[in-house]
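What follows is one structure encoded as C-alpha cells, with my remarks underneath.
The values are calculated or read from the model by the stated rules, or taken from the named source; none is laboratory data. Quick caveat: nothing in here was measured; it's all calculated off a predicted structure. Don't worry about glycine lacking a Cβ; one is built from the backbone with ideal geometry, like all the others, and counts go over all protein chains shown. The accessibility values were calculated without ligands, DNA or RNA, using every heavy atom of the protein model including side chains. Shrake-Rupley method; radii C 1.70, N 1.55, O 1.52, S 1.80 Å.
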Amino acid sequence: MFQLAPNHQDDIVRTSKVSFTFDGKSFLAYEGETLAAALMRAKLLHLRDAPADGAPRGVFCCMGLCQECVVQVDGKTIESCRLPVSQGLHVSSLRR
Amino acid sequence: MITDTDIAVIGAGPAGCNAALLAAEYDFSVVMLDEQVSPGGQVWRAKSPAILSAPETPESVAGESVRNAISQSNVTHLGGVRVWHIERSEDPFVIHYENAGVSCSLSCRCLVIATGARETIQPIPGWTLPGVVGMAGATSIFKQDLIPIGSKMVVSGTGPLVFFVAAEQQRLGGEVAAIVTSNTLLDWIKALPAMLLRPGLLFRGLRWITAMYVNRIPIYWGHTVTRVEGESSVSRVEFKKISKDWTPQGQPRFIECDCVSLGSGLISAFESFQLAGISLEHNSDLGGWIPKQEQDGRTNVGGCFICGDGAGIRGSLAAETHGKLAGLSAVAFLGAKINHSIVKLRREYARAASFGEAMSKLSIPRPGLTKLTTAKTVVCRCEGITRAEIEDEMNLGAQSTISVKSGVRAGMGPCGGKFCQTAITDLIAKTKSCPVSQIAPPTARPPLRPISVNTLAGDFDYSDLPISKPSPL
Amino acid sequence: MGCASALQMAEGGMKSIVLDQGDLGQGASGVNAGTLSLQIKRVKLMPYAIRGHQEWESMGDAVGFRKTGGYTLAFTDHEAELLHERMSLKAEAGAPIEFVSNSALREAEPNLADQVVAASYCAEDGYANSSLTGQFYRARLKQQGVQYREGFKLLGVEACNDGYVIRSANTTVSARKLLFSAGAWLKSLTALMGVELPVQARVNTVSVTERLPMLTRSVIGHATGLLTMKQKTNGTLLIGGGWQGRGTPEQGRGQVDTDSLRSNLALARHVLPAAENARILRSWTGFEAHVPDFYPLAGKLPGYEDVFVLGCVRGGYTIGPYIGKLMGDYILERTTELPLFDPGRSFPEVVV
C-alpha cells in the first residue's frame with residue numbers, strides 16, 4: 001500500500017544494549033550510538049550549565065561545532081554528539 | 001619537492017568524495033580527510049555502528065554508493081580526524097590534524113577544500129534551552145542515529161529543510177506538533193520552475209506536504225517561532241505571523257512541545273578558506289561570506305581549489321559536479337592531461353546549481369529577521385552575551401567584528417563565533433547603516449576545532465627546550 | 001602609546017587626532033598575553049616599568065587589571081643561576097623581587113610541577129585583559145574630546161606651510177606636528193618621511209584555553225622567558241612566552257607556526273601538568289617591535305623638529321601607558337619626569 005508518510009521505527013535493527021553512567025546514574029544505549037542520541041532517548045536533555053549564567057544547555061548543532069553538548073570522560077572534554085557509547089562508559093557532566 | 005601526498009582533500013561530502021575519486025583516476029596519490037568516521041559529509045551522513053539495518057532512503061543509497069566507490073578506489077581516506085590548521089609554506093601546503101588524540105601533519109602539492117556548510121540560526125529568546133536543535137543538526141541525528149528527537153517537535157525555519165525534518169521525525173517514530181515556515185506558498189511557487197529540474201525531489205517534497213495535511217499536522221506558512229519557553233528544557237513555543245519582510249506581527253500563539261528545530265539557512269564554513277589564504281566575498285544568494293572563486297574551483301591561491309557548499313550554498317547535486325571540476329583542476333595543476341569533458345561537467349554544474357540556488361533563495365535573510373533577536377536575547381551562546389550588551393559595546397565605539405569581540409568577548413568562546421557571527425555582523429551593519437558585505441568576518445585563527453594541550457604538545461622532553469640567548473638585561 | 005600621548009597632550013591643551021590603520025589597540029596591545037611583570041623588564045627600564053604598572057593599576061577594572069603576584073621558575077641548575085643573577089639585578093633596580101623557597105611556592109601554587117629548582121616572586125606582578133585596551137582608550141579619547149579615526153591607512157605625507165598633510169585613500173588630515181607610534185609598522189611609516197629606522201618585529205604567539213577549574217592564581221614565568229602563563233578570573237588560561245610565528249607587519253597579520261606552538265604548549269604542560277587535557281580554543285600572533293639595542297625609540301624623528309616617534313619599547317604593553325604620557329609631555333615642551341630615548345642615536349650592527 002502506498003504510504004504517504006511511512007513509520008519505519010520498527011524496521012530498524014540495532015546492536016545490543018550496553019550500559020553507561022552519566023553523573024553516576026545508569027543508562028542503557030545501543031552499542032556504538034552517540035552519547036547524545038542515547039541521552040535524547042532517555043529524555044535527558046539538560047547536559048550542562050552555561051559558565052556565564054548557569055543556564056541549562058544541551059545538544060544544539062548535533063555536528064560537533066557548537067560545543068554545547070560537551071561532557072567529560074577520563075578528564076577529557078568531548079562533544080557528546082561525537083562520542084560513541086561503549087559498555088562501561090563513565091560520563092561526568094559540566095553541570096554546576 | 002617530496003610531499004606526503006600529491007593531493008589532499010579536506011571534507012568527504014559529495015564534493016570532496018567526487019574530487020578525490022576523480023583525482024585518483026589520474027594516478028595521483030590522494031588523501032581525503034574528514035571529521036566523521038565514514039565518508040558522506042552532512043547530506044549523506046553514514047549510520048552509526050549501532051544500526052545493523054534500516055530501510056533505505058535516497059540519501060542512504062547515494063551515501064552507500066559513494067562510500068563503496070571510495071573504499072574500492074586508491075583514495076586514502078582518513079576518517080574521524082579533525083583538521084585544525086592549514087599552513088602554507090614551501091611544501092606548499094601542510095595540513096595539521098588530530099587523529100585519536102595525536103596531532104599529525106600531512107604535506108601536499110595541492111589542496112582541495114570541500115569543508116561544506118553549517119547552519120545559521122537567528123537568535124531568539126529561549127533558543128539556548130535544551131531541546132532546541134538546528135534543522136541540519138536534526139537531520140544529522142536522524143541519519144546517523146535514526147531516532148526521533150523529543151516526543152513532540154515544532155519545526156521552524158526557512159527552505160526545504162523544514163519539511164525534510166518534519167517528515168523524518170515522523171518516519172522515525174516521533175511526533176510533529178507543527179511546521180512553522182517563514183516562506184509562503186508564493187515563495188515556493190516562485191521556486192517551482194527550478195524545482196522542475198529535479199522532479200524526483202519535487203515529488204518527494206509534495207508527498208511530505210500532502211502527508212502532513214493528511215495527518216492533520218498544521219503548517220503555518222509565513223510564520224515564525226518567536227520565543228521558546230521552558231524551565232530546564234523546552235515546554236512550548238510562541239509563534240507569530242510575519243510580514244513580507246519577515247517582521248513578526250500580530251497576536252502571539254502557542255504550541256506545546258518538548259523539542260524545537262530551528263534554522264535560518266546554510267552558510268559556508270569559511271574558516272578553512274581563510275587559513276589557506278583565500279579571500280572572502282559576500283554574496284547573500286549563496287549564504288553570505290563565501291570564498292572568492294574562479295571557474296572550476298580555482299582560487300587566488302595557486303594549487304588550492306574549492307568545491308561544494310563551502311564555495312556557496314548550491315546543494316548536493318551541484319556539489320558532486322563541482323567536486324569533479326575541482327578534482328580536474330587539481331590534476332591539471334599537477335600537469336595531467338585531462339580526458340574528461342570539462343564543458344559537459346560545467347553544463348551539469350550550472351543546471352544543478354540553479355536548482356540549489358533556488359532553494360537557497362528561500363533562506364536569504366530579510367530585514368525583519370533581526371527583529372526576532374530581542375535586547376535580552378543571548379546572541380553569543382558560549383559566553384552568554386545578549387544583544388543589549390553587544391549594542392552597548394558598539395555605542396562605546398566598537399565598529400568592527402574584531403573590536404566587538406575584543407570588548408565583550410562575543411565570539412571568543414569554544415565555538416569560535418560560528419553561531420553568533422552572523423547575528424553580530426547584522427547588528428554592526430545596522431549600527432553603521434552599511435551593508436553586511438562591508439563588515440568583514442574576524443581574522444581566522446587556528447585551531448579549527450578545540451584541541452587539547454596534550455594533543456598539540458605531543459611528546460616533550462624538557463631537554464628539547466632550546467637554550468636560546470637570554471633576552472637583553 | 002599613541003592614545004596615551006594624545007591624552008596627555010589634550011591635558012596640556014594641545015589638540016590632536018589619533019589615526020590607526022585598523023581598530024585602536026589591535027596592532028599589539030590588544031593581541032598580547034596581557035602580562036604585567038616587572039620580572040621580565042630590563043634593568044634600565046625598571047623605573048619606567050614600575051610607573052607603567054601604576055598606570056595600569058589606575059585603569060583598574062576597565063582593563064581587567066589584576067595584581068596577582070608573579071613567580072618565575074627555574075627547572076635546572078643553569079636556569080637557577082640565570083634566575084639568581086638576573087633577578088638580583090632587577091631587584092636592585094627597584095623591583096620588589098624576592099627569592100622563595102620550594103615550600104613557599106608549593107603552598108601558594110600547589111598545582112605547579114614538582115621539579116622546580118629555584119623560584120623568584122614579585123608581589124607587584126599581574127596582568128590586564130589585553131583585548132580591553134582598545135575599548136578603554138576609545139572611551140578615554142571620547143571623554144577628553146580627542147578625535148580618532150580607525151581604518152585610516154596612511155599612504156603619504158606632504159610638508160606644507162604650517163606643517164604636514166597626511167593622506168589615506170579617501171581623506172587628508174593636516175597637522176602642525178606628527179607623532180608616529182605605530183609599533184611594528186614604524187619602519188614603513190617613517191620611510192614615508194625619508195627616514196630609515198632599524199625597526200625589527202618579533203612575531204609572538206599567544207594561545208588561550210577553554211574555561212578550566214582554577215589551577216593557578218599568579219602570573220607564572222620561566223627563567224628563560226620562554227613561558228608566561230596566567231589564568232583569568234573566568235577560568236581561561238592564557239599561554240605566551242614569545243615563541244615565534246611567521247610573517248611581517250607589511251603582510252598584515254602574522255601566522256602561527258605549529259612547531260613553535262607545540263614547544264610553547266609542551267612547556268606550559270610541563271609547568272602546569274593539570275592543564276594537559278585543557279583544550280586550546282585559539283592561537284594567534286602579535287608583533288613586538290624592537291631596535292638593535294632593545295631600548296625604546298622615544299623622541300624626535302632624526303632630521304625633524306616637529307615629527308616624533310614612539311615605539312619599540314621592549315615590554316611596551318607594560319610601559320606603554322607611562323611612556324606615552326612622557327611623550328605627550330615632551331611634545332608639549334615640558335620637562336619629562338624620566339629621560340626619553342633619542343631615536344637618532346647610533347645602534348649596534350644588526351645581526352640577522
- [ ] Tell me, yes or no, whether the range B:402-417 has at least one residue that is farther than 30 Å from C:Tyr295 by Cβ, modelled with pLDDT under 90, assigned to a loop (DSSP other than H, G, I, E, B) and facing another protein chain (nearest Cβ under 7 Å).
- [x] no
Task: strands (runs of 3 or more DSSP E) lying entirely in the range C:1-113 (those with 2 or more residues that are within 14 Å of another protein chain (Cβ to nearest Cβ)) - done: C:17-20, C:70-74
TODO: Please indicate, with yes or no, whether at least one residue in the range B:11-22 is in a strand (DSSP E or B) and either buried (at least 24 other Cβ atoms within 10 Å of the Cβ) or hydrophobic (A, V, I, L, M, F, W, C) (or both).
DONE: no
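For B:Leu201, state whether it is touching a His at 6+ places or on another chain (Cβ under 9 Å) and either within 10 Å of another protein chain (Cβ to nearest Cβ) or not acidic (Asp, Glu) (or both).
Working: touching a His at 6+ places or on another chain (Cβ under 9 Å): no; either within 10 Å of another protein chain (Cβ to nearest Cβ) or not acidic (Asp, Glu) (or both): yes.
No, not satisfied.
Among the residues of the range C:297-314, write down those that are touching a residue at least 60 places away in the same chain (Cβ under 8 Å) and open to solvent by less than 20 Å² (accessible area, probe 1.4 Å).
Initially, the range C:297-314 is screened for residues touching a residue at least 60 places away in the same chain (Cβ under 8 Å), giving C:297, C:301-304, C:306-314.
Scanning the range C:297-314 gives C:Leu297, C:Leu301, C:Val307, C:Phe308, C:Val309, C:Leu310, C:Gly311, C:Cys312, C:Val313.
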Task: Subset of the range A:71-93 [crowded, with 23+ Cβ neighbours inside 10 Å and facing another protein chain (nearest Cβ under 10 Å)] - done: A:Glu79, A:Cys81, A:Val85
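Of B:Val260, B:Val301, which residue is assigned by TED's automatic domain parsing to the domain that holds B:Phe163, in contact (Cβ under 8 Å) with a residue 60 or more places away in the chain and open to solvent by less than 60 Å² (accessible area, probe 1.4 Å)? Working first, answer last.
Working: B:Val301 fails: assigned by TED's automatic domain parsing to the domain that holds B:Phe163.
It is B:Val260.
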Open item on the list: So B:Leu369 ticks every box in (1) in a loop (DSSP other than H, G, I, E, B); (2) away from chain A (no Cβ under 14 Å); (3) open to solvent by less than 40 Å² (accessible area, probe 1.4 Å) but one. Which box is left unticked?
Closed with: (1)
Open item on the list: So C:Val352 ticks every box in (1) open to solvent by less than 10 Å² (accessible area, probe 1.4 Å); (2) modelled with pLDDT under 95; (3) not small (Gly, Ala, Ser) but one. Which box is left unticked?
Closed with: (1)
Task: Residue in the range A:48-57 that is within 27 Å of B:Leu172 (Cα to Cα), open to solvent by 40 Å² or more (accessible area, probe 1.4 Å) and not basic (Lys, Arg) present - done: no
Task: Positions within the range C:317-344 being of a type in the set (A, V, I, L, M, F, W, C) and out of contact with any Ser or Thr (no Cβ under 8 Å at 6 or more places or on another chain), in sequence order - done: C:Ile319, C:Ile323, C:Leu332, C:Leu338, C:Leu340, C:Phe341
Task: Number of the exception - C:Gly303 against (1) more than 21 Å from the chain's Cα centre (by Cα); (2) under 28 Å from C:Gln115 (Cα atoms) - done: (2)
- [ ] Give, as residue ranges, the strands (runs of 3 or more DSSP E) completely inside the range B:41-130 that count at least 2 residues that are in contact with a Lys or Arg (Cβ under 8 Å, 6 or more places away or on another chain) and assigned by TED's automatic domain parsing to the domain that holds B:Gly335.
- [x] B:51-53, B:81-88, B:93-99
Task: Filtered residues of the range C:169-204 (kept if without any contact (Cβ under 8 Å) to a residue 24 or more places away in the chain and assigned to a loop (DSSP other than H, G, I, E, B)) - done: C:Ala169, C:Asn170, C:Thr171, C:Glu196
- [ ] Kindly establish whether B:Trp188 is facing another protein chain (nearest Cβ under 10 Å), open to solvent by 20 Å² or more (accessible area, probe 1.4 Å) and farther than 27 Å from A:Ala38 by Cβ.
- [x] no
Open item on the list: Quick check on my filter: what residues within the range C:98-120 are surrounded by fewer than 16 Cβ atoms within 10 Å (Cβ to Cβ) and among the hydroxyl-bearing types (Ser, Thr, Tyr)?
Closed with: C:Ser101, C:Ser103
- [ ] Filter the range A:1-52 down to residues that are at the interface with chain B (Cβ under 7 Å from one of its Cβ atoms), in a strand (DSSP E or B) and closer than 21 Å to A:Glu68 by Cβ, then give me how many there are.
- [x] 1
Open item on the list: Restricting to the range B:429-473, name every residue that is in contact (Cβ under 8 Å) with a residue 40 or more places away in the chain, β-branched (Val, Ile, Thr) and either more than 10 Å from every other protein chain (Cβ to nearest Cβ) or open to solvent by 50 Å² or more (accessible area, probe 1.4 Å) (or both).
Closed with: B:Thr431, B:Val436, B:Thr443
Task: Members of the range C:264-297 that are outside any helix (DSSP H, G or I) and out of contact with any helix residue (DSSP H, G or I) (no Cβ under 8 Å at 6 or more places or on another chain) - done: C:Leu272, C:Leu281, C:Arg282, C:Trp284, C:Thr285, C:Gly286, C:His290, C:Val291, C:Pro292, C:Asp293, C:Phe294, C:Tyr295
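Condition first: assigned to a helix (DSSP H, G or I) and either of a type outside the set (Val, Ile, Thr) or open to solvent by less than 30 Å² (accessible area, probe 1.4 Å) (or both). Can you find one or more residues in the range B:336-345 that meet it? Steps first, please.
We begin by selecting, within the range B:336-345, every residue assigned to a helix (DSSP H, G or I); these are B:342-345.
With either of a type outside the set (Val, Ile, Thr) or open to solvent by less than 30 Å² (accessible area, probe 1.4 Å) (or both) added as a condition, the list becomes B:344-345.
Yes; the residues of the range B:336-345 include at least one that is assigned to a helix (DSSP H, G or I) and either of a type outside the set (Val, Ile, Thr) or open to solvent by less than 30 Å² (accessible area, probe 1.4 Å) (or both).
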Task: Subset of the range C:37-55 [open to solvent by less than 20 Å² (accessible area, probe 1.4 Å) and closer than 21 Å to C:Phe341 by Cβ] - done: C:Leu38, C:Lys41, C:Leu45, C:Met46, C:Tyr48, C:Ala49, C:Gly52, C:His53
- [ ] Would you mention how many residues in the range B:420-473 are within 21 Å of B:Val83 (Cα to Cα), assigned to a helix (DSSP H, G or I) and small (Gly, Ala, Ser)?
- [x] 1
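Return a yes/no flag: does the range C:222-231 have any residue that is facing chain B (nearest Cβ under 10 Å), without any contact (Cβ under 8 Å) to a residue 12 or more places away in the chain and out of contact with any strand residue (DSSP E or B) (no Cβ under 9 Å at 6 or more places or on another chain).
Keep residues of the range C:222-231 that are facing chain B (nearest Cβ under 10 Å), which gives C:222-227.
With the extra rule that they be without any contact (Cβ under 8 Å) to a residue 12 or more places away in the chain, the set shrinks to none.
Within the range C:222-231, not a single residue is facing chain B (nearest Cβ under 10 Å), without any contact (Cβ under 8 Å) to a residue 12 or more places away in the chain and out of contact with any strand residue (DSSP E or B) (no Cβ under 9 Å at 6 or more places or on another chain).
Are any of the residues in the range C:325-344 farther than 30 Å from B:Glu271 by Cα, among the β-branched types (Val, Ile, Thr) and open to solvent by 60 Å² or more (accessible area, probe 1.4 Å)? Quick ask: steps written out before the conclusion?
Of the range C:325-344, the ones farther than 30 Å from B:Glu271 by Cα are C:325-344.
Then drop every residue that is not among the β-branched types (Val, Ile, Thr), which leaves C:331, C:335-336.
Still in the running and open to solvent by 60 Å² or more (accessible area, probe 1.4 Å): C:335.
Looking for residues that are farther than 30 Å from B:Glu271 by Cα, among the β-branched types (Val, Ile, Thr) and open to solvent by 60 Å² or more (accessible area, probe 1.4 Å), one finds at least one in the range C:325-344, hence yes.
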- [ ] Inspect all residues belonging to the range B:28-40 and state whether any of them is closer than 22 Å to B:Val94 by Cα, within 14 Å of another protein chain (Cβ to nearest Cβ) and either hydroxyl-bearing (Ser, Thr, Tyr) or open to solvent by less than 40 Å² (accessible area, probe 1.4 Å) (or both).
- [x] yes
Open item on the list: B:Ala375 - would you say it is away from every other protein chain (no Cβ under 11 Å), at pLDDT 95 or above, surrounded by fewer than 22 Cβ atoms within 10 Å (Cβ to Cβ) and in a helix (DSSP H, G or I)?
Closed with: no
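Taking the residues in the range C:275-333 that are within 30 Å of A:Cys66 (Cβ to Cβ) and of a type in the set (Val, Ile, Thr) as candidates, determine which candidate is modelled with the highest pLDDT. Spell out the reasoning first.
Pass one, the range C:275-333, residues within 30 Å of A:Cys66 (Cβ to Cβ): C:275-286.
After this cut, where a residue has to be of a type in the set (Val, Ile, Thr) as well, the list is C:280, C:285.
Details: C:Ile280: 98, C:Thr285: 94.
The residue in question is C:Ile280.
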